[in-house]
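The values are calculated or read from the model by the stated rules, or taken from the named source; none is laboratory data. Here the structure is a predicted model, which is why all the values come from computation and not from measurement. All Cβ positions, even for glycine, are placed from backbone atoms using ideal geometry, and neighbour counts span all protein chains on display. The area values use the complete protein model at the heavy-atom level, side chains included, leaving out ligands, DNA and RNA. Shrake-Rupley method; radii C 1.70, N 1.55, O 1.52, S 1.80 Å.
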Amino acid sequence: MLPGMTESLRPRRSCLAVPGSNPRFLEKAKGLPADQVFLDLEDACAPLAKPGARKNIVAALNEGGWGDKIRVVRVNDWTTHWTYRDVVEVVEGAGPNLDCIMLPKVQSAEQVVTLDILLTQIEKTMGFEVGRIGIEAQIENAQGLIAVDAIAKASPRVETIIFGPADFMASINMKSLVVGEQPPGYDVGDAYHHILMSILMAARANDKQAIDGPYLQIRDSDGFRRVAARSAALGFDGKWVLHPDQVGIANEVYSPAQDDYDHAELILDAYDYYTSEAGGAKGSAMLGDEMIDEASRKMALVVASKGRAAGMQRTSKFEPPES
Ligand code: GLV
Ligand code: MG
């Protein structure tokens, strides 16, 4: 099985942010074709609105109607006094209808372990299946990035490592207010490359999904597509979406193109055939003008797995050569 492709890791091409304090948005989110929703108790909820938002979220999860979406709640980070109440109220109230808790501003493996222990206690107390609820870890500052590999390893519950660009830019004093775009004055490359790659390496080394964060100019669909295409090109599995218009774009950008998907399935079938007795038990072979071998199979499997997970249908078939 390839990294990020385990059975338990479902597609997360589009991860829709929904403020927990707004019941109308919670209701609307149910009908949008996002792979994941995360109901927010953190920065999209004002401090005074947080207690009410916990109740809205429990009610919205228990009402159902979320289809196949991965249901996530973002709690407040451990440096606040809200975290334990967020976790206890939401998991006790809606545990069986919840897939993951998202922990923002993670700075160390210990913060993940602490959440894991709390989840286990709640699951045992409530008679829920122990270990079913996953953890999504948001990397939003220098400490988090430096510890990202340990964070990814901290618990088997960790399913994703997420880049939080807005908080990250603030935490490193980046001279820009425009999330996702290059800071003015930096004209020699992509200022986010190191951060994205470090998150991706930790995710792949530990068999987790890598998720890109928000793009705040919600009316600029071209800008969203351009920024999403960068992390998708590196290998990220998905991106946050803040507006219904961004959902379809993310689903498209983080799925393979039809031609690439067809080609990947063709390589898998061809390699399967050529390595078999009937195909001559070869280690490498020609597919048209292209030489394919075991490494080609692995690359093809990444693209084919993403396409299959996205429900794509192939439009061509491998025909073994006439002997
Ligand atoms: C998201 O939480 C961000 O800080 O970008
Ligand atoms: Mg943040």
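Sorted by packing (mean other beta-carbon atoms within 10 Å per residue), highest first, where do 310-322, 23-35 land? Let's see the in-between values first.
On the way: 310-322: 11.5, 23-35: 17.0.
Those peptides, ordered most packed to least, come out 23-35, 310-322.
In terms of modelled amide H atoms, which long-range or inter-chain residues lie less than 5 Å from the amide H of VAL158?
Close amide H contacts, sequence-distant or interchain: ILE135.
Hey, could you grab the Kirkwood Rh for the stretch 21-139? Inverse mean 1/r over distinct alpha carbon pairs, Å, one decimal. Kindly include the intermediate steps, with their values, before the conclusion.
Numbers: mean 1/r = 0.0700 Å⁻¹.
Here the Kirkwood hydrodynamic radius works out to 14.3 Å.
Nearest 500 deg cm²/dmol is fine: what mean residue ellipticity at 222 nm does the chain get from its DSSP H runs of n ≥ 4 alone, each adding -39,500 (n - 2.57), divided by its residue count? The partial results should precede the final answer.
Details: 12 runs with 140 residues, N = 323.
Using -39500 (n - 2.57) per qualifying helix, the result is -13500 deg cm²/dmol.
What residue among ASP245, ASP220, ASP237 has the largest mean-square fluctuation in a Gaussian network model of the chain, using Cα springs under 10 Å?
Of ASP245, ASP220, ASP237, the most mobile in the Gaussian network model is ASP220.
Report, by chain and number, residues whose modeled amide H sits under 5 Å from the one on ILE139, excluding near sequence neighbours (fewer than 5 apart, same chain).
Those lying under 5 Å, H to H, from ILE139 are ILE162, PHE163, GLY164.
Which of MET291, MET197, MET126 moves most in a GNM of the chain, Cα contacts under 10 Å?
Result for the chain, Cα springs under 10 Å: MET291 fluctuates most.
How many Å² of accessible area per residue for the stretch 129-192, probe 1.4 Å? Don't skip to the end; give the middle numbers.
Values: 2860 Å² over 64 residues.
So the stretch 129-192 comes to 45 Å² accessible per residue, rounded to a whole number.
Please report, for the Cα atoms of the stretch 104-209, the Rg to one decimal and the Dmax as a whole number; what are they, in angstrom?
15.8, 56
Restricted to Cα positions, what overall size does the stretch 204-323 have along the principal axes? Three whole-Å values, descending.
Largest first, the stretch 204-323 extends 57, 32, 23 Å along its Cα principal axes.
Please find, in a Gaussian network model of the chain (springs between Cα atoms separated by less than 10 Å), the residue of VAL106, VAL241, VAL179 whose mean-square fluctuation is greatest.
In this elastic network of the chain, the residue with the biggest mean-square fluctuation among VAL106, VAL241, VAL179 is VAL179.
In whole percent, what relative contact order does the stretch 14-253 give with Cα contacts below 8 Å and a gap of six or more residues? The partial results should precede the final answer.
Details: 446 pairs, mean separation 40.3, N = 240.
Relative contact order comes out at 17 percent.
Let me know the charge dipole size of the chain about its Cα centre in debye, to the nearest 20, where only the beta-carbon of Lys, Arg (+1) and Asp, Glu (-1) is charged.
980
Rounded to the nearest 5, what % of the DSSP beta bridges within the chain are antiparallel ones?
Values: 3 of 33 bridges.
Just about 10 percent of them are antiparallel.
Viscosity 0.692 mPa s, temperature 37 °C: give me the Stokes-Einstein translational D for the stretch 282-322 in µm²/s, with Rh taken as the Kirkwood radius over C-alpha pairs.
On the way: Rh = 11.9 Å.
The calculation lands on 277 µm²/s.
From the protein chains alone at 1.4 Å, what is the descending order of accessible area for HIS263, HIS194, largest first?
Putting HIS263, HIS194 in descending order of accessible area: HIS194, HIS263.
Hey, can you grab everything whose amide H is under 5 Å from the amide H of LEU16? Only 5+ residues off in sequence or another chain; H modelled, so Pro and N-termini drop out.
GLN36, VAL37, PHE38, VAL241
Tell me the carbon and sulfur percent of the accessible area for the stretch 202-295, rounded to whole percent, probe radius 1.4 Å.
Values: 2040 of 4190 Å².
That fraction is 49 percent.
Please turn the phi angles of the stretch 265-274 into ³J(HN,Hα) values with the Karplus equation 6.51 cos²θ - 1.76 cosθ + 1.60 (θ = phi - 60°), one per residue in order, whole Hz, x for glycine and proline.
With the stated coefficients, the stretch 265-274 comes to 5, 5, 4, 4, 5, 5, 5, 4, 5, 5 Hz.
Could you tell me what a quarter of the Cα convex hull surface of the stretch 14-253 works out to, in nm² with one decimal place?
Values: hull surface 48.5 nm².
The Cα convex hull of the stretch 14-253, projected and averaged over all directions, gives 12.1 nm².
Can you give me the angle between helix 221-234 and the longest principal axis of the chain, using Cα atoms only, in degrees from 0 to 90, rounded to the nearest 10?
60
Does anyone have the angle between helix 244-253 and the longest principal axis of the chain? Alpha-carbon axes, 0 to 90°, nearest 10?
Roughly 30 degrees, rounded to the nearest 10.
Tell me, what HN-Hα J-couplings in whole Hz come from the Karplus equation 6.51 cos²θ - 1.76 cosθ + 1.60 at θ = phi - 60° for each residue of the stretch 104-114, using x for Gly and Pro?
x, 6, 5, 10, 7, 4, 4, 5, 6, 4, 4
Just from the alpha-carbon atoms, what are the Rg and Dmax of the stretch 258-309 in angstroms?
10.7, 32
Set Lys and Arg Cβ to +1 and Asp and Glu Cβ to -1, take the dipole of the stretch 258-309 about its Cα centre, and tell me which of ALA300, ALA285, LEU266 lies farthest positive.
Positive-end residue among those listed: ALA300.
With θ set to phi - 60°, apply the Karplus curve 6.51 cos²θ - 1.76 cosθ + 1.60 along the stretch 48-54 and write out the HN-Hα couplings as whole Hz, x wherever there is a Gly or Pro.
Result, ordered by residue: 5, 8, 5, x, x, 5, 4 Hz.
Suppose accessible area is computed on protein heavy atoms with a 1.4 Å probe; arrange HIS193, HIS81 from highest to lowest. Display every interim value, and only then the final one.
Numbers: HIS193 85, HIS81 130 Å².
Final ranking, largest accessible area leading: HIS81, HIS193.
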